[in-house]
Structure formats: structure tokens, C-alpha cells
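All remarks here apply to the structure that follows.
The values are calculated or read from the model by the stated rules, or taken from the named source; none is laboratory data. Model, not experiment: these values are computed from the prediction. Cβ: placed from backbone, ideal geometry, glycine included. Neighbour counts: every protein chain shown. The area values use the complete protein model at the heavy-atom level, side chains included, leaving out ligands, DNA and RNA. Shrake-Rupley method; radii C 1.70, N 1.55, O 1.52, S 1.80 Å.
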Amino acid sequence: MLGLELHGDDFVRRTLVRFAVSIVVCAGVPSAVAGDKIDVPKVVTKSDAEKILGVTVKDAKGRNQNGTDGYYDSEWSYHAIKGDKALIFDVLYAGKPGLAATMFSILPADGRKSTPVNGLGDKAMFCPNETGMAMLHVLKGNILVTIGIHGLPADVVRDPEKSIATKILANL
């Protein structure tokens, strides 16, 4: 019976949140966040991507995905019109307490060497690899931010990735 009450309360909470989000959408209020969740291309623009990569890029491709229990994922990328340069983002609101920290603890996924980065979120690490992709992972509370730059040397992308992470964290 207790499980039914929790489920019922959760159902009411989700319904109210959906209703509130619908009102905001219907009102046409522009925002860099959707229901307090970030929409990465509104924070890191095409112009930002072009400055970082040094080339003209295509419009952002990706998605914002709502799940259950607070899960939300804003996964986007900008790719060069010519060449293989790319700027990739993933901002994951893990939903379940501790899940983002667990995910962060097993990074980098390929087991390569990482370097801690101070001053970003709760924890951050920089993970370059020889495939031409350098990733910055930032944990802030139960949110995991991943930024990757492909096609530029790892020693060149660390500072731009930190700058982007700072911009994203300011919008969380």
C-alpha cells in the first residue's frame, strides 16, 4: 500500500510538472533551459563553435530527452562543413541520486589516462586520446557534463573546453 501512495504522489508530481512545462511552451517564453534543464545549443551557439573550431560548422544536431525520475539528457554536436572537426556536448541530469557520480567514477570509458581539472564543478577530468578526440568530463551534483572536441590537438582544446564548461555550468 505504501508503494501505491508513493507511485500516486509521483504521478501527481509528474502531471503537475508536465502541465507547468506546457504552460511555458504555450506562452512562447524563450529560454536556455527547458523546465530548469539546459538546452545546450541555446547556451553554446553555432557562432561559439565556429570560433573554437576555427571553421564554418553546420547547425547543431542532437536532442533533448526527458526520461523518468528526473532523467534529462541534452546531447548535441556541431560538425565542420568541410573536414572532420567537431564540438560535441552531453549534459546528463542522472535523476537517481548518486548515478552521475558513479558514471563519473568509471571515466574515461576506454581506460585511458586522464588528468584532473581543478575549479570546475565538484570534480572534473580531461581525457585526450589518439583518435583525435579530447573529452572534458565535469560532475556537478547529480549532473554529468561532457564536452568533446575532435580534429584539434589535445593541448589546444583543454582551455576552450574549460571555457565552454564554465558557460554550461553557469546555466545549470
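Heads up, I need the accessible area for residue 77: 1.4 angstrom probe, whole protein in place, Å², nearest 10.
20 Å²
Using a 1.4 Å probe on the protein chains only, how many percent of the accessible area of region 28-125 belongs to carbon and sulfur? Spell out each step's value before the answer.
Working: 2890 of 5530 Å².
Carbon-and-sulfur percentage of accessible area, whole number: 52.
Could you go through region 145-152 in sequence order and give the Karplus-derived ³J(HN,Hα) for each residue, using 6.51 cos²θ - 1.76 cosθ + 1.60 with θ = phi - 60°, rounded to whole Hz, and x for Gly and Pro?
Calculated HN-Hα couplings, in order: 10, 10, 10, x, 10, 10, x, 10 Hz.
Could you give the accessible area per residue of region 60-138, probe 1.4 Å, as a whole number in Å²? Before the final figure, lay out each step's value.
Working: 4300 Å² over 79 residues.
It amounts to 54 Å² per residue over region 60-138.
So how do 106-115, 135-144, 52-61 stack up, highest first, on mean other-Cβ count within 10 Å? It would help to have the intermediate numbers written out before the result.
Details: 106-115: 11.9, 135-144: 21.4, 52-61: 15.4.
Order by mean packing, descending: 135-144, 52-61, 106-115.
Report the accessible area of residue 103, computed with a 1.4 Å probe over the heavy atoms of all protein chains in place, in Å² rounded to the nearest 10.
Surface open to solvent at residue 103 totals about 60 Å².
Tell me which aspartates and glutamates have Cα within less than 18 Å of residue 51's Cα, excluding those fewer than 8 residues away on the same chain?
59, 84, 155, 159, 161
Enumerate the calculated ³J(HN,Hα) couplings along region 160-169 in order (Karplus 6.51 cos²θ - 1.76 cosθ + 1.60, θ = phi - 60°), each rounded to whole Hz, writing x wherever the residue is Gly or Pro.
Each residue's phi maps through the Karplus curve to give x, 5, 4, 5, 5, 4, 4, 5, 5, 4 Hz.
Please list, ordered by chain and number, the residues whose modelled amide H lies under 5 Å from the amide H of residue 38; skip anything fewer than 5 residues away on the same chain.
none
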